[in-house]
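Asks: One structure, pasted below without further comment.
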Amino acid sequence: MAVANVEISETPLVLYTLRRADDALILGHRLSEWCGHAPTLEEDMALANMGLDLLGQARELYTYAARVEGKDNDEDKLAYLRDVRQYRNLLLVEQPNGDFARTMVRQFFHAAFADLYWRAMMQSKDATLAAIAAKSEKESAYHVRHSSEWIIRLGDGTEESHHRAQTAIDDLWSFTGEMFSVDGSEHGLIDAGIAVDPVSLYPQWLKTITAVVNEATLALPASNWMQQGGRGGRHSEHLGHLLSELQSLQRTFPGATW
Amino acid sequence: MYTQALNTSDADDRNVEDATRAAAFQARIDADDRIEPNDWMPAAYRKTLTRQISQHAHSEIVGMLPEGNWITRAPTLRRKAALLAKVQDECGHGLYLYAAAETLGTSREELVDAMLTGKAKYSSIFNYPTLTWADIGTIGWLVDGAAIMNQIPLCRCSYGPYARAMIRVCKEESFHQRQGFEIMLTLCRGTDEQKAMAQDALNRWWWPVLMMFGPPDKVSQHSDTSTKWKIKRFSNDELRQKFVDATVPQAQFLGLTIPDPKMKQDEAGHWVPGPIDWDEFKQVLAGNGPCNRDRLAARRKAHDAGAWVREAAAAYAEKRKRRQFAQAAE
């Protein structure tokens, strides 16, 4: 028996919160895929740590989205009973882990953005979002530190690690622009002082990224072509597979309590 | 238990030790003193502990695989976070135990290599597959439950670093055990399908869990020295009996049936299990369990795929040191 997807009333604030929740869940899920398979035991623990931080952020954001929506949804219905077209995460976070360089570059691009984003959101007029941001910022600050240290080690390590890190940067670069795009649903929230305007964060993000990439003896691509679509549910082919795994039990045993 | 391959004789390896030192050493053990890394110890004591602690560490690391198999499929976000945190704890235990083993003079790399080449063993239990979500509950409830039975006495082990590691490990394991039982309770109070899933998992894990305690005392080759040195404080059968006695009422509470029609309660109130199939145990130890090859292959793959990362980190550290040295010289 197929389980129907939940319907969401995507008011601007619900949609805004869901987008951030989906980013955190999908990136956290990707990191959790490393568990038991990382290059060192220390790194296995660090990847799990970051994954747990992101899962925690996702849970708070989903719970808040469900509360704002005020219907029958909850964190699990939002995570487990929406299909790929209903997911609102960035394309960047759903990209497969690939090798360790790819995972770390993805983490670095995102964390350097998320850290600025949460810091700005601490000033949100929405008290719940401000509180979630205050907690999340402490976590993202560590994610930036951890991933940037690895970018430097890999870039300035061996010939092979340099090559792998540069390839990862080249492959993932086109997914970074989406972090700074704003659509009509968010303008009102930004004007009301509830949401963060990501455009204002771009110069600082680029400065952080450039400094680390330079120290790592790596280079940012010249291409400025950026992929878009995740925020509107137009994803890469990878997300459907991730969701079919993530949602398998909830879809197979409808309505069961776990 | 997590160190089953210790059930072999050590006679060839015993060195002739300085008699006075050996007597003083034994006197300290008898007085319940803790032996620390820099203290003199008999070579066989060092060797036994290195093997035991490193096998325990390997078991923690290989043990991440069967449970890790369900992290991406955990049925709720709460369960997903709890499982990821749990498997991360196992990794921490492994790391902690390798560090304890290293205090005896063998490096982590050497110990890990022995596991990857199949020379060193890990617990037989992790060579069984996790087929359904109920296996995650069952592993927490029974596998961690059995591990606790074995590890609580190790908190009083004569070797200080191991005993201290066990205190911390046991705290986390008992949390995992309660978590596993709570998963089972939720399943048993759930739909008919969920209850069937729980019973099926118990049916598959019960006998392998009993085998975790090692061969019966009457055939165990465990040398008396482990007991004399206060590394092992209870026999395999004693620990197995304790576990069965603790577990049967829990299964009854869950409404599950222990898959042992010959199990009886004796006059003293002990639950006496029917005969254990020790041939299966031997086969699993010999590498013929359902997942032996998969487990080793997964660990080797992670190790090999991570080699360039470890090399990069080492190369970068070396470059950095050289640059700092050059700067200081200017």
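Asks: As a test of understanding, state the convex hull volume per residue of chain A from its alpha carbons, in Å³.
Replies: Value for chain A: 124 Å³ per residue.
Asks: OK, next. Run lengths n ≥ 4 of DSSP H only: what is the helix-derived mean residue ellipticity at 222 nm for chain B, with -39500 (n - 2.57) per run over all residues, to the nearest 500?
Replies: -20000 deg cm²/dmol
Asks: Which of B:L131, B:L77, B:L142 moves most in a GNM of chain B, Cα contacts under 10 Å?
Replies: B:L77
Asks: Hey, another quick one. Hey, how many Å between the Cα centroid of the stretch A:182-258 and the Cα centroid of the stretch B:279-330?
Replies: Each part's Cα centre sits 32 Å from the other's.
Asks: In terms of the Cα gyration tensor, with a ≥ b ≥ c the square roots of its eigenvalues, is the stretch B:155-249 rounded because a/c is under 1.5, prolate because a/b exceeds b/c, or oblate?
Replies: Because a/c hits 1.5 or more and a/b fails to exceed b/c, the stretch B:155-249 counts as oblate.
Asks: Classify the stretch A:140-258 as rounded, prolate or oblate from the Cα gyration tensor: take a ≥ b ≥ c as the square roots of its eigenvalues, call it rounded if a/c is under 1.5, otherwise prolate when a/b beats b/c and oblate if not. Write out the running numbers ahead of the final one.
Replies: Working: a/c = 2.07, a/b = 1.31, b/c = 1.59.
Because a/c hits 1.5 or more and a/b fails to exceed b/c, the stretch A:140-258 counts as oblate.
Asks: Same structure again: Quick one: which residues, 5 or more positions from B:Y159 or on another chain, have an amide H under 5 Å from its amide H? H modelled 1.01 Å from N in the peptide plane, none for Pro or chain starts.
Replies: Distant-sequence amide H within range of B:Y159: B:I35.
Asks: Taking K and R as +1 and D and E as -1, what net charge do the other residues with C-beta under 12 Å from the C-beta of A:S9 add up to? Walk me through the numbers before you get to the answer.
Replies: On the way: positive: A:K71; negative: A:E7, A:E10, A:E69, A:D72.
Net charge around A:S9: -3.
Asks: Moving to a separate point now. Where a ≥ b ≥ c are the square roots of the eigenvalues of the C-alpha gyration tensor, would you call the stretch A:1-133 rounded, which needs a/c under 1.5, or, failing that, prolate if a/b is larger than b/c, or oblate? Working shown, then result.
Replies: On the way: a/c = 2.15, a/b = 1.39, b/c = 1.55.
Oblate, since a/c reaches 1.5 and b/c is not below a/b.
Asks: When you count, for each residue, the other Cβ atoms within 10 Å and take the mean per peptide, how do A:86-93, B:192-199 rank with the highest first? If you can, show how the numbers build up before the last one.
Replies: Numbers: A:86-93: 23.8, B:192-199: 17.6.
In descending order of packing, they fall as A:86-93, B:192-199.
Asks: Hey, got the average number of other protein chain Cβ atoms within 10 angstrom for residues in B:81-87?
Replies: Details: counts 9, 1, 2, 11, 5, 1, 5.
Whole-number average of other-chain Cβ neighbours for B:81-87 is 5.
Asks: Same structure again: Can you pull the Kirkwood radius for chain B, inverse mean 1/r over Cα pairs, to one decimal in Å? Present the calculation step by step, with values, prior to reporting the outcome.
Replies: Numbers: mean 1/r = 0.0467 Å⁻¹.
One decimal place: 21.4 Å for the Kirkwood radius.
Asks: Hey, could you grab the Kirkwood Rh for the protein assembly as shown? Inverse mean 1/r over distinct alpha carbon pairs, Å, one decimal. Walk me through the numbers on the way to the answer.
Replies: Numbers: mean 1/r = 0.0381 Å⁻¹.
Computed over Cα pairs of the protein assembly as shown, the Kirkwood hydrodynamic radius comes out at 26.2 Å.
Asks: Could you tell me how far the Cα centroid of the stretch B:148-215 sits from the Cα centroid of the stretch B:68-112, in Å?
Replies: About 15 Å separates the Cα centre of the stretch B:68-112 from the one of the stretch B:148-215.
Asks: Would you mind counting up the charge near B:A163? Only other residues with Cβ under 12 Å from its Cβ, with Lys and Arg at +1 and Asp and Glu at -1.
Replies: +3
Asks: Please sort B:144-153, B:211-220 by packing, taking for each peptide the average over its residues of neighbouring beta carbons within 10 angstrom, highest first.
Replies: B:144-153, B:211-220
Asks: Can I ask one more? Give the peptides B:172-183, B:61-72 in descending order of average Cβ contacts within 10 Å, highest first.
Replies: In descending order of packing, they fall as B:61-72, B:172-183.
Quick note: the coordinates plus some simple rules give every number you see, no bench work behind them. Owing to the predicted nature of the structure, the values given are computational and were not obtained by experimental measurement. Please note: Cβ atoms are built from the backbone with ideal geometry, for glycine as well, and neighbour counts cover all protein chains shown.
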